[in-house]
């Protein structure tokens, strides 16, 4: 009976956590909308196994002062633990640049690629994951589904 209570408590925690991130995902001002000059689109394919592409857009508004924009993408599990960082596709530093604090010099639509592995290069388990796009310190979240 105690084990059942622990499982139910863990399930409730995950439900509350997913609800919290989902609220961030669907709020127009804080989520995928371009209210702050950038947009995180849905990854494709979704669900995926084992790899996915994550598109995002940087608008002209971000570049009015002529300085580059700093972009980071992180993949997180349900506990909001960072498990991976995808690589940038088509970036000036090359196609394999890890997307952590990368400078972007102009507006446009960009993509990141995640091979479905964690930081130890092990394939992640089936389940819900979150992608976090951070641009100049502001973040957006989206859900992704790994299905094996």
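The alpha-carbon atoms of segment 69-148, seen along their principal axes, cover 36, 24, 20 angstrom, with the largest extent given first. At an R0 of 41 angstrom, the distance between the Cβ atoms of residue 125 and residue 59 translates into a FRET efficiency of 0.70. In this simple spin-label approximation, residue 51 and residue 80 carry label points 7 Å from Cα along the Cα→Cβ vector, and these lie 3.1 nm apart. From largest to smallest, the equivalent ellipsoid semi-axes obtained for segment 45-100 from the alpha-carbon gyration tensor read 24, 14, 12 Å.
Any read-out appearing in this document is the output of simple, stated calculations on the displayed coordinates, not a laboratory observation. Only a predicted model underlies this, so the values are computations on that prediction, with no experimental measurement involved. Please note: Cβ atoms are built from the backbone with ideal geometry, for glycine as well, and neighbour counts cover all protein chains shown.
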